[in-house]
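Note sheet for the following structure.
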Amino acid sequence: MKLVFATNNLNKLKEVQALIPSKIQLLSLNAIGCNEDIPETSPTIEGNAKQKAQYIKLNYGYDCFADDTGLEVDAINGAPGVYSARYAGETKDANANMDKLLNELKGKENRNAQFKTVIALELNNKLVTFTGICEGVITLDKRGDKGFGYDPIFQPNGYSETFAELPMAEKNKISHRGKAVQQLIDFLSH
């Protein structure tokens, strides 16, 4: 089975490739000749995932899955949420995003947060979604050099390490994306 993963994020692609069974051939956007920015205009994480999967099916004809992920922080009313990648501006600079978030949480005791990933699968002209959530806290400073995005400041519940300090295999077992991808794999296996 061939499936397009609608992402230009090579880190996400590597993470998901490590989880997908070999019987599923994962195609990148580059592999299908899609070099454009896929619209993400929905006000929700779920809406953006659906929009991207449907865009690839409509414009390129491939069965596809797309994800959208947001970091939701309790103390700032669930922000940055759907705007996580662009929290500090359109440049999508991970360090600037983390710095802005750490600055906004200065002096706040409640540092509870959750990562939420929604995967939308457009397969055989049907749309199905899968949601993965990982709860944790925002640390006081950046720690670790693995991972990407907010990983250096997100410490999952039950761990003393941030996502950026955990090996990828360990992170994939507990992460929001890992949980959503596992639901996708289970669905495709039946």
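Looking at (1) surrounded by fewer than 16 Cβ atoms within 10 Å (Cβ to Cβ); (2) out of contact with any strand residue (DSSP E or B) (no Cβ under 8 Å at 6 or more places or on another chain), which is the one condition that is false for GLN17?
Looking at each condition in turn, GLN17 falls short on (2).
Kindly indicate the residue of the range 122-172 that is modelled with pLDDT under 95 and basic (Lys, Arg) and also farthest from ASP186 (Cα to Cα) among those meeting that condition.
LYS146
Write out, first by first residue and then by second, each pair whose Cβ atoms fall under 9 Å of each other, whose residues are 6+ apart or on separate chains, and whose first residue, in the range 1-14, is touching a residue at least 60 places away in the same chain (Cβ under 8 Å) and closer than 22 Å to LEU58 by Cβ while the second is open to solvent by 100 Å² or more (accessible area, probe 1.4 Å) and basic (Lys, Arg).
MET1/LYS23
Check every one of the strands (runs of 3 or more DSSP E) wholly within the range 64-132 and list those with 3 or more residues that are within 23 Å of THR41 (Cβ to Cβ) and of a type outside the set (A, V, I, L, M, F, W, C).
Ranges flagged: 64-73, 112-123.
Filter the range 20-57 down to the residues that are polar (S, T, N, Q) and surrounded by fewer than 17 Cβ atoms within 10 Å (Cβ to Cβ), then identify the one that is nearest to LEU123 (Cα to Cα).
Among residues in the range 20-57 that are polar (S, T, N, Q) and surrounded by fewer than 17 Cβ atoms within 10 Å (Cβ to Cβ), the one nearest to LEU123 (Cα to Cα) is GLN25.
Right, LYS126: among the basic types (Lys, Arg) and free of Cβ contacts under 8 Å to residues at least 12 places away in the same chain or not?
Yes: the conditions hold for LYS126.
Do you know which residues across the range 15-47 are in contact (Cβ under 8 Å) with a residue 40 or more places away in the chain and in a helix (DSSP H, G or I)?
Across the range 15-47, the qualifying residues are GLU15, VAL16, ILE45, GLU46.
Can you tell me which residue is surrounded by the fewest Cβ atoms within 10 Å (Cβ to Cβ) among those in the range 129-154 that are of a type outside the set (Val, Ile, Thr) and in contact (Cβ under 8 Å) with a residue 60 or more places away in the chain?
PHE148
The values are calculated or read from the model by the stated rules, or taken from the named source; none is laboratory data. These figures come from a predicted structure and were not determined experimentally. Here the Cβ is made from the backbone with ideal geometry for all residues, glycine too, and neighbour counts use every protein chain on show. Areas reflect the complete protein model, heavy atoms only, side chains present, ligands, DNA and RNA absent. Shrake-Rupley method; radii C 1.70, N 1.55, O 1.52, S 1.80 Å.
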